[in-house]
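The values are calculated or read from the model by the stated rules, or taken from the named source; none is laboratory data. Since the model is a prediction, treat every value here as computed from it, not as a measurement. Cβ placement follows ideal geometry from the backbone for every residue including glycine, while neighbour counts extend to all protein chains displayed. When the accessible area is computed, the model is the full protein with side chains, heavy atoms only, and any ligands, DNA or RNA have been set aside. Shrake-Rupley method; radii C 1.70, N 1.55, O 1.52, S 1.80 Å.
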Amino acid sequence: MSDPALSVAQRNALLLRLATLADDELLLAHRVGAWTGHAPILEEDIALANIAQDELGHATGWLELRRTLDGSDPDQLAFSRDASAFRHSAITELPNGDWAFTMLRQYLFDAWEALWLDAASRSHYTPLAQTAALALREERFHLEHTALWTERLALGTPESARRLSNALEELWPYALGLFEPLPGEQPGIDADLLPDVTVLKERWLMLVGGHLQRLQLTPPDTAPIPRGQHTPHLGPLLAEFQRVAREHPDAAGW
Amino acid sequence: MSDPALSVAQRNALLLRLATLADDELLLAHRVGAWTGHAPILEEDIALANIAQDELGHATGWLELRRTLDGSDPDQLAFSRDASAFRHSAITELPNGDWAFTMLRQYLFDAWEALWLDAASRSHYTPLAQTAALALREERFHLEHTALWTERLALGTPESARRLSNALEELWPYALGLFEPLPGEQPGIDADLLPDVTVLKERWLMLVGGHLQRLQLTPPDTAPIPRGQHTPHLGPLLAEFQRVAREHPDAAGW
Amino acid sequence: MTEAARIHPGETPEQHAAFEARIQRGEKIEPGDWMPAEYRRQLIRMISQHAHSEVVGMLPEGEWITRAPSLRRKLILMAKVQDEAGHGQYLYHAAETLGATREAMLDALLSGQAKYSSIFNYPTRSWADVGMIGWLVDGAAIKNQTMLAGCSYGPYSRAMVRICSEETFHHKQGKEMIVTYARGTAGQRQMAQDALNRWWWPALMMLGPHDADSPNSGVLTRWGIKLKSNDEVRQQFLDEHVPELLEAGLSIPDPLLHQDEQGHWRHGPIDWSEFWAVVKGERGLNRERLATRQQAHQDGAWVREAMSAYAARTAPTA
Amino acid sequence: MTEAARIHPGETPEQHAAFEARIQRGEKIEPGDWMPAEYRRQLIRMISQHAHSEVVGMLPEGEWITRAPSLRRKLILMAKVQDEAGHGQYLYHAAETLGATREAMLDALLSGQAKYSSIFNYPTRSWADVGMIGWLVDGAAIKNQTMLAGCSYGPYSRAMVRICSEETFHHKQGKEMIVTYARGTAGQRQMAQDALNRWWWPALMMLGPHDADSPNSGVLTRWGIKLKSNDEVRQQFLDEHVPELLEAGLSIPDPLLHQDEQGHWRHGPIDWSEFWAVVKGERGLNRERLATRQQAHQDGAWVREAMSAYAARTAPTA
């Protein structure tokens, strides 16, 4: 049960994947957190704040794990990096849109994340396995919540079904992009430190595909938008996210 | 925001406190987890399983933090230590008793833990502060849940009020024991790495005392049962807890 | 076996024909829709039985929460048993959409009137049983539930979709445990093999009697509640699990097990007398399981009373 | 000021006397109990106003969730704003025990008929405002809520106990932020001082007009709803916060502030014209806050419709 000694290539593979995970969750937490106070019912203000805190907690977990590997400071990474150094998928930087868009994005992401965590909880790199097992619990609650919401919207009114279907059209290629292999990750996969995302993609398509089919939703036939391809929304997002921290570059702490 | 270089005395103080935290949560998770399938309503099977998982998650967090300080293996500590090496307070080893006992123990413990975490989230030892801030969220949900249950029982029927009052009589000296200072912790407190439990005790007495007073419950006037003083329940508890692991001492993993 | 459905007093053949036409067209029946009384009765029976199975199903694995041998396994098992409680909740809700009440359903369970899957009357003798239940019992359940996810009653179908997606995690986790132990120490291997020896036949039997002996199937098929026969589902289960178990290096306790010309795995004769003895409670832990649930219910009586008394104090008055 | 309570048609002086005797004895009034119509009316007014304050109170701080300058602060702020939503929920429930409906209360808020604390109509201009609100506004609220925790109506009293225990965390966190910034860089210090300059007087005013100008106090005191006067609560607030602010090295924007012979801190004259201008919406963000809530409500209309349509499909039929 002790950590294997890591080769340089393995350590780099871990760092690469941790960077994508942390950045995805940071940005998603940021987006979702912005709903608080503006949700359709008070109960959802609470639920979304909860999801946002969980995602932020996961981001912190990945950054802390990264700290143990390369000594980097989590806050420094979150609040002082330039856009070009972020490694998230563009799905998490898109603005919130309407409720259907927010819920569907969250559902598609939750399903990806839950499957990734499930696989990662069997990683031979024990600290990763522990962190993943803990995060998985919360992620499955999200998945349940967002699966129910997509169901409600799909089977609710013609208006809600239409909005959900539009959201699916827009989100699908971004969601597929979550499964694009990371160059440099292979040594981690070969050593059973990291899950193989191409295998996860099949499970995800079955899980998500079955749910959508039951709700009579058909995803568009489009190519994945890979990580690294960004939208014009990233600049303003980071300007907001890092605004206070950057106004006080000399601050020793907050 | 970077970690201060720790002196030997500071590092030992952290290790001491982490041991008590992890062991308290391990044993409490173990006890609470045993309710699953036996709760008064199905909704509470779910709620208690949730609390147990949170507490186990916190224990894992403290053990992982300990790993970064002394390289110890979390599973090894949980499943291979003898009773004499455990550092929990006896309040967490007591059997579950009835629903009133379980809920009141959890409430008293949650209040202590929430206040400890709140203070620890300002620790100058950043990894501890981060872990505490994340755990605090969950702990406050527990506190809300168990505060509501103690209220329901206190204001429910004469039977439920009587049972709750009996539980208070039994639990109070153990709860006070949570606040006994740890010999060796002072260097951590002096360096703002760890909260001062004597200060926390005042806050706890106000928080818990106000709640109990409102529910017309009066704690007995008894002395604290300090950490380190155990009951005959610890042996059987650990025998059960470590049973499978100890039957397979040669197992490389589970 | 496509016998005509029973027409209750107050129902007309035209109503039945229109209802069956909807099902033929693949429409879902929703709570407010007209439906034959017999359709309602059969569904309440099935759904509540299914809910009870989740609730009783917490017990055999739940015993091992206090003994799980690693932090990660303890967490995973707690989450799994919690999911079973959650599934029970979903299913009771689905049965409530047909007019059943949770209280009446629980009474029927506790008094022994209602059934639950007899698979949960087998004892869990070792830690590996937890893995084997996840792999085989949840594996079999998923086959059945995937079929039911296509059933004609909307709320049941949707509950199944949700439950299936959670069960998929349990199934993978169970398989991963057993595969690990099969490659582990001699003691772990032995524990895994012993668990397979004890759970193999019960898992095959839990998918129900052979088609020829299955009394309700005709009308359930006609009404789109049951889309595959027991033997079809069992065949799917075998074809998926046999190769995986063999690949894990375990031996399946059936000397006559073999692959036929089409590549399907065929099992040897099933000892149905044992199945029925367990269903009837002549063997296995039926009595103990019910006693445990009754005890929990009884111990919780004063708590529920306190809850009601408190709720009455804080409820709005007209 | 202990004017007799208004006796409504259908109520007798004997009923009132018995009711007031219960309160004198320190008993709690519970939802099923007899109570004067005026008592009910006043409570619904107060509790719903309090609930609305929590809901609108999410906005000024909520704006900063996306700008919090560290991971820990972002998490803490999300949890805090979430708590405010939760407090809104508790309080709406407490008002429902008196026969008010959530829908009617929300309508009254959105149409501008119902009030909420005008403190939330001040803008949050910098990140330090989040800390200052936690320290001063939550600090003042806790003083008020601790008093209300002793009030005669059971569900309100209990909601206050729960809310107070959560607010205590917010208060400590806010104070800790400001103390940190007051000791931080020049920019942080300036931000903290500027926030204090803007929030000091509003925080003092939020505890309500001077006793001499407080119209409802007499009967509220008599009925055990209000156990302390506005000026008494304000004095407690001052005596706790002034020394702590000074110790943090901040200057309080009141040249006449001083300690009297008994050691109580006395403030200079309050500009009540500003208070009333904000209450009436002539100054501050009343219009913007309501517009934001109205927008959220309107944007959510199709979602709530979809929820109802879905619930109708899955609801039990008789």
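List of remarks:
- Taking region A:125-254 and dividing mean pair separation by its residue count, relative contact order in percent (alpha carbons under 8 Å, at least six apart): 29 percent
- Helix axis angle, B:126-154 relative to chain B longest principal axis, alpha carbon, degrees: 10 degrees
- Residue-averaged [θ]222 nm for the protein assembly as shown, counting only DSSP H segments that reach four residues, each worth -39500 (n - 2.57): -21500 deg cm²/dmol
- Heavy-atom accessible surface that A and C bury in contact, both chains counted, 1.4 Å, Å² to 100: 1900 Å²
- Label spacing, shortest first and in nm, from A:His124 to its equivalents in the remaining copies (7 angstrom along Cα→Cβ): 4.2
- The order of A:Val199, D:Val233 by accessible area, most exposed first and with a 1.4 Å probe, is A:Val199, D:Val233.
- Radius 13 Å from Cβ of D:Gly249, net charge of other residues (Lys, Arg +1; Asp, Glu -1): 0
- Accessible surface ranking that places the most exposed of A:Asp190, D:Asp299 first, with a 1.4 angstrom probe: A:Asp190, D:Asp299
- Considering only B:His248, B:His233, B:Ile189, and ranking their Cα positions along the charge dipole of region B:188-254 that arises from unit charges at the beta-carbon of Lys, Arg, Asp and Glu, the one farthest toward the positive end is B:His233.
- Label geometry 7 Å along the beta-carbon vector: A:Glu159 inter-copy distances in nm: 5.0
- Counted charge near C:Arg22, where neighbours are those whose Cβ lies closer than 10 Å (Asp, Glu -1; Lys, Arg +1): -1
- Only Cα sites of the protein assembly as shown enter the Debye sum here, all with the same form factor; the resulting log10 I(q)/I(0) across q = 0.05, 0.07, 0.08 1/Å is -0.35, -0.70, -0.93, listed in q order.
- For the set C:Lys28/D:Lys80; D:Lys115/D:Lys143; C:Lys80/C:Lys280; D:Lys74/D:Lys226; C:Lys172/D:Lys80; C:Lys74/D:Lys175, the pairs lying more than 32 angstrom apart at their alpha carbons are C:Lys28/D:Lys80; D:Lys74/D:Lys226; C:Lys172/D:Lys80; C:Lys74/D:Lys175.
- Counting all C-alpha pairs of region A:8-247, share separated by more than 24 Å (%): 43 percent
- Rounded, prolate or oblate (a/c below 1.5 giving rounded, otherwise prolate when a/b exceeds b/c) for region A:184-254 by Cα gyration tensor: oblate
- Whether region D:32-164 is rounded, prolate or oblate, judged on the alpha carbon gyration tensor where a/c under 1.5 counts as rounded: prolate
- The Cβ shell under 15 Å around B:Pro173 holds other residues with a net charge of -2, Lys and Arg each +1, Asp and Glu each -1.
- Centre separation in Å (Cα based) which lies between region D:180-221 and region D:242-318: 12 Å
- Charge-dipole axis of region B:8-247 as Lys and Arg at +1 and Asp and Glu at -1 on Cβ define it, positive-most pick from B:Ala223, B:Phe141, B:Ile46: B:Ala223
- Simple rule: put +1 on each Lys or Arg Cβ and -1 on each Asp or Glu Cβ in the protein assembly as shown, find the dipole, and look at C:Gly174, D:Tyr156, D:Pro123; the Cα lying farthest toward the positive end is D:Tyr156.
- For A:92-99, mean number of other protein chain Cβ atoms within 10 Å: 1
- Rounded to the nearest 10 Å², the accessible area of A:Leu18 at probe 1.4 Å: 10 Å²
- Summing Cβ point charges (Lys, Arg +1; Asp, Glu -1) relative to the Cα centre of chain B gives a dipole of roughly 260 debye.
- Among the helices of chain C, those built from whole DSSP H runs whose Cα atoms reach 27 Å or more along their own axis and whose mean Kyte-Doolittle hydropathy is at least -0.5 are C:37-62, C:71-96.
- Entry note, chain B: relative contact order of 27 percent, from Cα contacts under 8 Å with a spacing of 6+ residues.
- Chain B and chain A together bury an accessible surface of about 1800 square angstrom, both sides counted, with a 1.4 Å probe and no ligands or nucleic acids included.
- Three-way shape label, chain C, alpha-carbon gyration tensor, a/c 1.5: oblate
- For C:Glu274, inter-copy label distances in nm, listed shortest first [label point 7 Å out on the Cα-Cβ vector]: 8.4
- Residue of chain B with the smallest Cβ distance to the axis mapping B onto A, distance rounded to whole Å: B:Thr68, 3.
- Residue by residue along D:91-100, Cβ atoms of other protein chains within 10 Å of the local Cβ number 2 on average.
- Solvent exposure, largest accessible area first (probe 1.4 Å, DNA, RNA and ligands not counted), of D:Thr180, A:Thr20: D:Thr180, A:Thr20
- Taking every protein chain into account, the accessible area of chain A amounts to 34 square angstrom per residue (probe 1.4 Å).
- Per-residue mean of foreign Cβ neighbours for A:151-164 is 5 (Cβ atoms of other chains, 10 Å radius).
- Accessible-area composition of chain B, carbon plus sulfur, in percent [1.4 Å probe]: 55 percent
- Cα-centre dipole for the protein assembly as shown with unit charges at Cβ (Lys and Arg positive, Asp and Glu negative), debye to 20: 740 debye
- Residue with peak Gaussian network fluctuation, chain A [Cα springs, cutoff 10 Å], from A:Thr102, A:Thr157, A:Thr36: A:Thr157
- FRET efficiency estimate (nearest 0.05) - Cβ-Cβ, B:Asp70 to C:Arg183, R0 30 angstrom: 0.45
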